[in-house]
Structures are given as structure tokens and as C-alpha cells.
């Protein structure tokens, strides 16, 4: 029997990332054809897009910003990614 820690964090992150990306794409496609709020509503997590953090240094400027657009497909994709990780 293999322990859960021997599976690797990289594999978990890869499956989660793939699930989230594929789920988001499928959720977006479904929102084009099905006019239901569960498919058309996005939750934006993160910073305001118009005002990212900017750090002006003498040599260069660093601009930081991150926004996650989460919809129903994203959540389902993450759950499928987790299920695939624990089944393997």
C-alpha cells in the first residue's frame, strides 16, 4: 500500500490545474448555450484589474496583480482533478 505523501505534490497540482482549466473552458462554452445563472455567473477573486500593485524602483518597475475568475465549471473541474488524484 502506498502512502498519500508518496504520490507527490507536483502530480496533485498538475491534476488540479488541468481540471480547473478544462472546467473553466467547459463552463464558458455552456454559458454560451444555456442561459442559467449557475453557468453565466462568475465570481472574481483577487485584486481589482484596473489597480494592480506597482513598485517603482530606480532600475525597474514591478507590477503585481492576480484575479481568478471562478465559475461553476471551474469548481466541477477542481473536484474532478482531486478525484483523479485520489483514485490514482
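The values are calculated or read from the model by the stated rules, or taken from the named source; none is laboratory data. Since the model is a prediction, treat every value here as computed from it, not as a measurement. Here Cβ is always computed from backbone atoms with ideal geometry, including for glycine, and neighbour counts include all displayed protein chains.
Checking 54, 24 one by one, the residue that is surrounded by fewer than 12 Cβ atoms within 10 Å (Cβ to Cβ), on the phi < 0 side of the Ramachandran plot and either modelled with pLDDT of 90 or more or part of a strand (DSSP E or B) (or both) is 54 and no other. For beta carbons closer than 7 Å, sequence separation of 6+ or different chains, a first residue in the range 40-65 that is in contact (Cβ under 8 Å) with a residue 12 or more places away in the chain and a second that is loosely packed, with under 10 Cβ neighbours inside 10 Å and assigned to a strand (DSSP E or B), the qualifying pairs are 52/63; 52/64; 53/64. For the range 1-17, the criterion of being surrounded by fewer than 10 Cβ atoms within 10 Å (Cβ to Cβ), at pLDDT below 90 and in contact with a helix residue (DSSP H, G or I) (Cβ under 9 Å, 6 or more places away or on another chain) is satisfied by at least one residue. Within the range 29-39, the set of residues being at pLDDT 85 or above and under 17 Å from residue 69 (Cα atoms) comprises 29, 30, 31, 32, 37, 38. Could we say that residue 67 is over 30 Å from residue 88 (Cα atoms), in contact with a helix residue (DSSP H, G or I) (Cβ under 7 Å, 6 or more places away or on another chain) and modelled with pLDDT under 90 here? When the stated conditions are applied, residue 67 does not pass them. Hey, any hits in the range 33-43 for a residue that's surrounded by 13 or more Cβ atoms within 10 Å (Cβ to Cβ), within 12 Å of the chain's Cα centre (by Cα) and part of a helix (DSSP H, G or I)? No. Within the range 80-88, is there a residue that is on the phi < 0 side of the Ramachandran plot and not in a helix (DSSP H, G or I)? For the range 80-88, residues on the phi < 0 side of the Ramachandran plot and not in a helix (DSSP H, G or I): present.
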